[in-house]
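Data block below; observations after.
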Amino acid sequence: MLRAIEGLKIKPDIIMIDALKLDIDVPQISIIKGDDLSVSIGAASIIAKVERDLYMQKASIQYPLYNFAQNKGYGTKEHIEAIKKYGPCEIHRGTFIRNIIG
């Protein structure tokens, strides 16, 4: 989310986010369970999930060993086993990998 905001051509006056504050110089409204309480945050969450799922579908072609088309990058048993067997690929997030392989 931080990269998306930093990539905007126009700096927003304020942002609404779900739970966590971002380390960015933009005023923020942080709402716990924001996707349930705000139509804007809820819509953004849906759009982000759909976009990520499409991205993972495409990544599955480049990285077939991880079966991203099915697991969408989530920590399923099969996905974790693939990471342990083949190691992480370049699209695996560092925080996700640290939790799996230490």
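Read-outs: derived from the displayed coordinates by stated rules, not from any lab. Worth saying up front: this structure is predicted, and the values here are computed from it rather than measured. No Cβ is skipped: glycine too gets one built from the backbone with ideal geometry, and neighbour counts run over all protein chains shown.
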- Query: For the stretch 11-62, what is the convex hull volume of the alpha-carbon atoms per residue, in Å³?
  - Reply: 108 Å³
- Gain in span if fully extended, L22 to K9, counting 0.36 nm per residue against the direct Cα distance: 2.8 nm
- Task: Would you indicate which of (1) 1.33; (2) 0.92; (3) 1.04 is the value of Rg/Rh (Cα atoms, Kirkwood Rh) derived from the coordinates of this structure?
- Result: (3)
- Note on the structure: The answer for trypsin sites (Lys or Arg not before Pro) in the stretch 7-102 that fall in a DSSP coil and have at most 11 neighbouring Cβ atoms within 10 Å is K9, K21, K33, R93
- With runs of 4+ DSSP H residues as the only contributors, calculate the mean residue ellipticity of the chain at 222 nm using -39,500 (n - 2.57) per run, divided by the residue total and rounded to the nearest 500. -15500 deg cm²/dmol
